[in-house]
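Novice: First, the structure itself, so that you have it in front of you.
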Amino acid sequence: MNASSPDAGDNSRALDSIGIEDVTAFIRRRGWKRIDYPSADLLVFQNGSDDNGAPIKLVLPSSNRYVDARRRIRTAVNLLAAIGNDSPDTVARDILTRGKDVFRQRLMGDANLVSLPLTLAADALSAMRDLIFQAARAQERPLPFLDARNGNAKEYVNICRFGHTFPGSFGLAVEMPIPPNPGARLFPEEEAPPFERCIMQRLMRGLKSTADAVREGDVTILTKAYHDGFNANLCEVMARLMLALSNVEVEFSMRWSPEYQVPKDLADARSILVNPERFHPFFESAAKSLRPAGVLPEEQVRGAVIALRAPDAGQAPGGGDVTLRPAGGDQRTNYHVILTGTDYRAACDAHRDGIDIVVTGRPERVGRNWRLAGARDFRAASASPKQLEGDAKD
């Protein structure tokens, strides 16, 4: 990491966000033990010895309300930094992120890259969301390819949070909350990670396998690792992102929550640099290899609603069938899309107002017609291409 890495930041700001309870939870996971002390106003912890054989102690007030709480916390962070040969800023951020894994994506271009097109920024953020979604699905069902059934994947996407952007080119961060470790184990290497941690491990393993495949020129390194890494669905997301990025490289990295041990195979995979031109053919080839013959990749489609049909018996109440004409023309002409409740009502409003809709799904041929199976991420576009064209003329 260079000086512009996301680890560089305002130490004071991070420290001011830390409470006593954050420090105690953090140091307990690092083997510090509380020892008896006569005063109930102080919390005293001990861990190891210094060069002279004297025990190393860390003292904290028992409440954040004490006037010296801020100073004591700063002293504790500096001590932990000195013991671990880290910077106080790194320790402060480790304490603050102890309850979450942080998946980061950093877009990098040449020296002339001072801004990003809105479409590229949107594609980058959408890819982060889709990677979490598809990784959760793959973790529930570790198969080469998954159909439209989503299981509980949306629940894990919904608990994620968009973290602070960070300096150094254009950085995005997604925070995955990690539940507290139920207790110290005699053998930490045997800890069973929670499902949330497994999702993030899958993403980093998939990226690592892809980097290995590109380096060795062997796509089977990627396809053979689908059980723990990228399946066809995840490869498709990455292939779309590679096309969107064009000549902008992207660095993926992970800041792991200290609640659970990091697997040995990922201990050194702190960051992975992805070159779209070199990586795209591998993602595309792996997706085709893992996807059943005749099944098309998932697409995000924007277009106009040209027809609506109320729900048939047995369909979800309030839902219905929407006919979507893709913007710019398409060899498949129109799509039939089944939408539920609020999405269908929003599509009705978009049809009334002449506004495009955007929806993601997998194209499937049904007789002479096409449908967009497994429709998700529906939204009404801010304006249709015709409206934008009209505004530009005015």
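Novice: If a residue must be closer than 21 Å to Met176 by Cβ, open to solvent by 20 Å² or more (accessible area, probe 1.4 Å) and not aromatic (Phe, Trp, Tyr), how many such residues does the stretch 228-258 contain?
Specialist: Looking only at that region, the number is 4.
Novice: Pairs, please: C-beta under 7 Å, at least 6 apart or cross-chain, first residue more than 13 Å from His280 (Cα to Cα) and touching a residue at least 24 places away in the same chain (Cβ under 8 Å) and in the stretch 241-264, second basic (Lys, Arg) and assigned to a helix (DSSP H, G or I)?
Specialist: Tyr260/Arg197
Novice: Please find, within the stretch 28-38, the residue that is surrounded by the fewest Cβ atoms within 10 Å (Cβ to Cβ) out of those that are modelled with pLDDT of 90 or more and not in a strand (DSSP E or B).
Specialist: Filtering the stretch 28-38 for residues modelled with pLDDT of 90 or more gives 32-38.
Of the ones still in play, those that are also not in a strand (DSSP E or B) are 32, 36-38.
Values: Trp32: 19, Asp36: 5, Tyr37: 14, Pro38: 7.
Among them, the one singled out is Asp36.
Novice: Here's another thing I want to ask about it. Might you check whether a residue that is touching a Ser or Thr at 6+ places or on another chain (Cβ under 6 Å), assigned to a loop (DSSP other than H, G, I, E, B) and either modelled with pLDDT of 80 or more or closer than 22 Å to Leu273 by Cβ (or both) occurs anywhere in the stretch 79-92?
Specialist: No, the stretch 79-92 contains no residue that is touching a Ser or Thr at 6+ places or on another chain (Cβ under 6 Å), assigned to a loop (DSSP other than H, G, I, E, B) and either modelled with pLDDT of 80 or more or closer than 22 Å to Leu273 by Cβ (or both).
Novice: Pairs needed: first member in the stretch 267-291, closer than 14 Å to Ala211 by Cβ; second member anywhere, open to solvent by 80 Å² or more (accessible area, probe 1.4 Å); C-beta distance under 7 Å; at least 6 residues apart or different chains.
Specialist: His280/Leu243
Novice: Can you spot a residue in the stretch 14-27 that is open to solvent by 20 Å² or more (accessible area, probe 1.4 Å), at pLDDT below 80 and farther than 30 Å from Asn247 by Cα?
Specialist: Within the stretch 14-27, the subset open to solvent by 20 Å² or more (accessible area, probe 1.4 Å) is 16-17, 21-22, 24-25.
Imposing the further condition that a residue be at pLDDT below 80 reduces the set to 16.
Then keep just the ones that are farther than 30 Å from Asn247 by Cα; that gives 16.
Yes, that holds for at least one residue.
Novice: Could you check how many residues of the stretch 268-298 are open to solvent by 50 Å² or more (accessible area, probe 1.4 Å) and closer than 29 Å to Val91 by Cβ?
Specialist: Qualifying residue count for the region: 4.
Novice: Cβ-Cβ under 9 Å, sequence separation 6+ or interchain: first residue in the stretch 372-385 and part of a loop (DSSP other than H, G, I, E, B) and of a type in the set (Val, Ile, Thr), partner crowded, with 17+ Cβ neighbours inside 10 Å and modelled with pLDDT under 85. Which pairs?
Specialist: Cβ pairs passing all conditions: none.
Novice: Among the residues of the stretch 93-121 satisfying the criterion of being at pLDDT 80 or above, among the hydrophobic types (A, V, I, L, M, F, W, C) and part of a helix (DSSP H, G or I), which is most open to solvent (accessible area, probe 1.4 Å)?
Specialist: Leu96
Novice: In the stretch 331-355, what residues are within 10 Å of Phe378 (Cα to Cα) and either open to solvent by less than 40 Å² (accessible area, probe 1.4 Å) or assigned to a strand (DSSP E or B) (or both)?
Specialist: Hits for the stretch 331-355 are Leu339, Tyr344, Ala346, Ala347.
Novice: Filter the stretch 61-71 down to the residues that are touching a residue at least 40 places away in the same chain (Cβ under 8 Å) and assigned to a helix (DSSP H, G or I), then identify the one that is most open to solvent (accessible area, probe 1.4 Å).
Specialist: Filtering the stretch 61-71 for residues touching a residue at least 40 places away in the same chain (Cβ under 8 Å) gives 61-64, 69-70.
Then drop every residue that is not assigned to a helix (DSSP H, G or I), which leaves 69-70.
On the way: Ala69: 2, Arg70: 89 Å².
Per the criteria, the residue is Arg70.
The values are calculated or read from the model by the stated rules, or taken from the named source; none is laboratory data. Note that the coordinates shown come from a computational prediction; the quantities given were computed from them, not determined experimentally. Methodologically, a virtual Cβ is constructed for each residue, glycine included, from the backbone with ideal geometry; neighbour enumeration extends over all protein chains shown. Remember, those area values only see protein heavy atoms, side chains included, never the ligands or the DNA or RNA. Shrake-Rupley method; radii C 1.70, N 1.55, O 1.52, S 1.80 Å.
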